[in-house]
Amino acid sequence: MVIEMKMKEAPVLGAKGSKKESNVLKNAEWAKKAVPFLGLLVLVLLFSTTTDGRFLKVANLQNIFSQAAIVMVAGTGCSFVMSHNNLDFSLGGACAMSAVAGIVIGAKFSYAWMLPVCLAVGMMCGLVTAGLHIKARIPAFMAGMCIMFAGRGLAQGAYLQFVMTLPQDYKVLQNIWFYFAVVTIIFLTAYILFEYTKIGKYNKLIGSNMQVAKLSGVPVNKYKAMAFAVSGFTVGAAAFMSIIRGGGVGAQTGTNLETNVLLALTLGGFPLTGGSQAKMRSVIVGALVLFMLNNGLQLWGVDPTIINVIKGIVFLVVVYITIDRGSGGVMI
Amino acid sequence: MDDVILKLHGMVKSFGSTKAVQDVSMELRKGQVLALIGENGSGKSTLMSMVTGTLQPDKGRMELKGKEYVPDSIIAAGNSGVCILIQELGTIDGLTVAENIFLGKEKRFASGFRVSSRRMNQAADELLQSMGVSHFDAKTEVDALSFEERKLIEVCRAMYNDPDILIVDETTTALSHTGREKIYTIIENLKKQQKAVVFISHDLDEVQKVCDSAMILRDGSYIGTLYGEEVTPENMRQMMIGRDLSGNYYRTKGTTYVKEEVALDVRNIQYGILHDVSFQLHRGEILGLGGLTECGMHELCKIVFGAIKPDAGEVELTENHVKITSPAVAIKNHIAYLPKDRDNESLFLMTSIKDNITVASMDRLRNGPFITRKRERDLADQAAGQLSVKMRDVEQLTKELSGGNKQKVVVAKWMANESDILIMDCPTRGIDIGVKAAIYKLMEQLISEGKAILMVSEEIPELLGMSDRILIMKDGTINGEFDRSEEVTEKSLIEKLI
């Protein structure tokens, strides 16, 4: 058999062309990161120019922020869970449970107990979810959902049993600066935990690849449980805020908190499967986008049912643009 | 000329600023077994991806059997008679062997809406028989099979297409001796049938044995082709690296750093097929552990590191009598583990090089509960520098690195933790000679500092070249022990291995 192969001296490829391509690639990455911020900017511009200035009124902006604040607080904690590639569906129920426990014990003993009880019950809910997930090996979103239903039921039952209104003294806290202070304190603390301590770093790495994390000496279960505990703690704080904001606890306290947090995180560009690309700022940006969209559409006079449809579409578009398909393992 | 099957003209492919393939041309003839060799990142896989339609060339043109050839997918390539066996796993869990073999071709066994699984199984069994496979049949679910057996299913799938050209992309690195022999026989048969084979491998001895010609690429450019007698490891090595590299990059014989002191004591391990395995690892020693893929040695590594809990037996650190019960305990005691499966077990691909290096050293970086960026960066810079990882900076994503550089990052991670005992499972699997030599050199340096290394390898020359002592495992037990000496040969090891 005669075998032959031709060779050619390779001319160097035009450096210009390749540079252009790499810039395009970089721009695409950059664009992905910028989408949430651009969305926020577009919404602000759009609604400020089309609502006869009603959107930019101080009272309206305060209203948006006080709604978003609860989601921001619960979301900062939840991002620890989401960064290790789990979804926490217990938020709404856990929030309801904490709020009921807080106000009932507050009414019985002293309202000074309200905040610590909210935080403790929230954290307990987080640990129960973690226990069910880690020890009993139930998918975390299932365990969370059970807590969600239990919490909802409890809140509705309690609504019929107790009078759960906040005494007048506490209504001074119904003030934008209170919400702002809580968000600032919780966010900054969580940010430091997320970026500069093992809790955040390990959880992100677990989300990147659990097996590698395990083989690199990360105590995976312990840090997953810690993430749920942090999430529970912030839910407790969110419960306290909803008591203040609602002037007490009603049958609807905490409703949709888990979906709103999930929407906000995703709209803010938080990766759905967690990992090292997760950024805490997504919570703030996403919550603002979510509630501005809501508010703006209401000011336009859009039917509330249609608002939900529009939110669904916006959500889909954002996920389509920002989702990382690389890790999904799509076959040829 | 009539007997040319495939012709490539001036193929070019870039990824961003990296020119993966630059103006490469080649001709493949009937009955030719051509090796495509080069270091990691030299463009072999990219070139073959264009031939199989998974990548589209930026420039260049291909001709198959005299006709213009523009495959747009791996399926289109398969239909034109170009099949590929890939490096990683290509079978689907939850399906039977037959269903995997005839994936996408179920129509051939259909009558109306029903696919006849009886006829499909029959056809699959015939195919398996023709390959000399008898220990599992068409109805077996692939989940129950080993990596190697699954690889054979892929071979069946490729052979069923009756390809004119078969591309074998580093398939053999994952296979044991018997598995390799099967692939060699298939290649031999294809050659007899006047088909053509492109063989990609890092194992130059294997290339010499299997191929009648070898085309060398370096940094995406064509370097040259060797024919017949010219295909020797020395020639290939020289052309791949572009400089003379002495034939032996293993340790020089006669040097030893082995001390009396035992570093790690592994006692009576019982797990899966592992049965009563005991050995001691000494300071300053490279203990080689060899065998077939399924002999249990890979699991043994994980047990020694604490990642798998054995049914019975224990691993004890002699120095302080600590029992290794989890990776966290192991790492705290400066034990390192480099898994065989790099992409799934040792690296966070979508994460920066920095995070990959610092993950095992967090407790040393901590200042109270806080870990600052600067300390992380300093440690990563230092460790990556020590290993001379080729990268933009430590913030670069690990997935962008070549195979050899990825492994350097893994080694850097354990150097950063000042590891004292290293468990290396196939440390040079799928790695080019340059990095290989660097890793060997580092290993020698480590034992000269009194550290201990447990090296699992499927390459017999590597075992012989690097180990102070070799344990050969067979079916879960230690079947032979050899000291470093001139008398130990490949043959004596293989006898204990099979």
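No lab work stands behind these numbers, since they all come straight from the coordinates. Just so we're clear, the structure is a prediction, and the values are computed from it rather than from any experiment. As a convention, Cβ positions derive from the backbone with ideal geometry for all residues, glycine included, and neighbour counts pool all protein chains shown.
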**Message:** Within 15 Å, Cβ to Cβ, of B:Glu229, how many net charges do the neighbouring residues add up to if Lys/Arg are +1 and Asp/Glu are -1?
**Reply:** -2
**Request:** Set the Förster radius R0 to 60 Å, insert the Cβ-Cβ distance between B:Glu449 and A:Leu56 as r into 1/(1 + (r/R0)^6), and round the FRET efficiency to 0.05.
**Result:** 0.30
**Debye, to nearest 20: dipole size of region B:262-497, +1 on Lys, Arg Cβ, -1 on Asp, Glu Cβ** = 1020
**Request:** Decide, for region B:288-387, between rounded, prolate and oblate: order the square roots of the alpha carbon gyration tensor eigenvalues as a ≥ b ≥ c, take rounded if a/c falls under 1.5, and otherwise choose prolate if a/b is larger than b/c, else oblate.
**Result:** oblate
**Message:** Apply the a/c threshold of 1.5 to the C-alpha gyration tensor of region A:60-120 and tell me whether it is rounded, prolate or oblate.
**Reply:** oblate
**Prompt:** FRET efficiency for A:Ile310 and A:Trp30, Cβ-Cβ distance as r, R0 = 35 Å, nearest 0.05?
**Reply:** 0.80
**Request:** Hey, could you grab the Kirkwood Rh for region B:4-241? Inverse mean 1/r over distinct alpha carbon pairs, Å, one decimal.
**Result:** 18.6
**Complete:** Farthest towards the positive end of the dipole of the protein assembly as shown, among B:Val304, B:Met466, A:Leu87 and with Cβ unit charges of +1 on Lys and Arg and -1 on Asp and Glu, lies the Cα of A:Leu87
**Request:** Report, in debye and to the nearest 20, how large the dipole of chain B comes out about its Cα centre when Lys and Arg carry +1 and Asp and Glu carry -1 on their Cβ.
**Result:** 1340
**Request:** Evaluate the distance, in nm, between pseudo-label points positioned 7 Å from the Cα of B:Leu103 and of A:Ala251 along their respective Cα→Cβ axes.
**Result:** 5.3
**Asked** What is the sum of charges around B:Ser45, taking Lys and Arg as +1, Asp and Glu as -1, for the other residues whose C-beta is under 9 Å from the C-beta of B:Ser45?
**Response** -1
**Request:** Please arrange B:Glu294, B:Glu261 by counting, for each residue, the other beta carbons lying within 10 Å of its beta carbon, fewest first.
**Result:** B:Glu261, B:Glu294
**Prompt:** Working out 0.36 nm times the residue gap between B:Glu400 and B:Arg364, then minus their Cα-Cα distance, what length gain in nm do you get to one decimal?
**Reply:** 10.2 nm
**Asked** Which ordering of B:Ser73, A:Ser242 is given by a fewest-first count of other beta-carbon atoms within 10 Å?
**Response** B:Ser73, A:Ser242
**Message:** Counting only helical runs of four or more DSSP H residues, what would the 222 nm mean residue ellipticity of chain A come to if each run contributes -39,500 (n - 2.57) and the total is spread over all its residues?
**Reply:** -24500 deg cm²/dmol
**Prompt:** What's the FRET efficiency of B:His177 with B:Val70 using the Cβ-Cβ distance as r and R₀ = 51 Å, to the nearest 0.05?
**Reply:** 0.80
**Prompt:** Can you work out D for the protein assembly as shown in µm² s⁻¹ from Stokes-Einstein, where Rh is the Kirkwood radius over C-alpha pairs, the temperature is 37 °C and the viscosity is 0.692 mPa s?
**Reply:** 108
**Request:** Using only alpha carbon pairs under 8 Å that are at least six residues apart, calculate the relative contact order of chain B and give it in whole percent.
**Result:** 15
**Request:** Name the most mobile residue of A:Val249, A:Val218, A:Val73, meaning the one with the largest mean-square fluctuation, in a Gaussian network model of chain A with Cα contacts below 10 Å.
**Result:** A:Val218
**Which of B:Gly434, B:Ser361, B:Leu454, positive extreme of dipole for region B:262-497 (C-beta unit charges)** = B:Ser361
**Item:** Distance in nm between pseudo-label sites at B:Thr318 and B:Glu141 (7 Å out along the Cβ direction from Cα)
**Value:** 4.6
**Message:** Give me the extension gain from B:Ile92 to B:Asp475: residue separation times 0.36 nm, minus the current Cα-Cα distance, reported in nm with one decimal.
**Reply:** 135.2 nm
**Request:** Let me know the mean shielding of A:197-205 by other chains, meaning the per-residue number of their Cβ atoms within 10 Å of its Cβ.
**Result:** 4
**Fill in**
Checked chain A against the a/c 1.5 cut and the a/b vs b/c comparison, axes a ≥ b ≥ c from its Cα gyration tensor; verdict oblate
**Asked** Which part of region B:426-440 falls in the paramagnetic zone of A:Gln211, meaning amide N under 16 Å from the point 7 Å along Cα-to-beta-carbon?
**Response** B:426
**Message:** Would any residue of region B:466-493 have its amide N under 15 Å from a label point 7 Å out along Cα→Cβ of B:Thr256? List them or say none.
**Reply:** B:466-471, B:482-488
**Complete:** The size of the Cβ-based charge dipole (Lys, Arg +1; Asp, Glu -1) of the protein assembly as shown about the Cα centre, to the nearest 20 debye, is 3240
**Item:** For chain A, built as a Gaussian network whose Cα springs stay under 10 Å, the top-fluctuating residue of A:Asn221, A:Asn203, A:Asn308
**Value:** A:Asn308
**Request:** Given a cut-off of 30 Å, name the pairs among B:Lys302/B:Lys374; A:Lys57/A:Lys201; B:Lys151/B:Lys309; B:Lys195/B:Lys408; A:Lys33/B:Lys19; A:Lys135/B:Lys374 whose C-alpha atoms lie farther apart than that in the structure shown.
**Result:** B:Lys302/B:Lys374; A:Lys57/A:Lys201; B:Lys195/B:Lys408; A:Lys135/B:Lys374
**Message:** At 0.36 nm per residue, and after removing the present C-alpha to C-alpha distance, how many nm does the segment from B:Glu487 to B:Tyr160 gain when stretched out fully?
**Reply:** 113.2 nm
**Message:** Modelling each spin label as a point 7 Å along the Cα-to-Cβ direction, I'd like the A:Thr189/B:Ser388 distance in nm, to one decimal.
**Reply:** 5.0
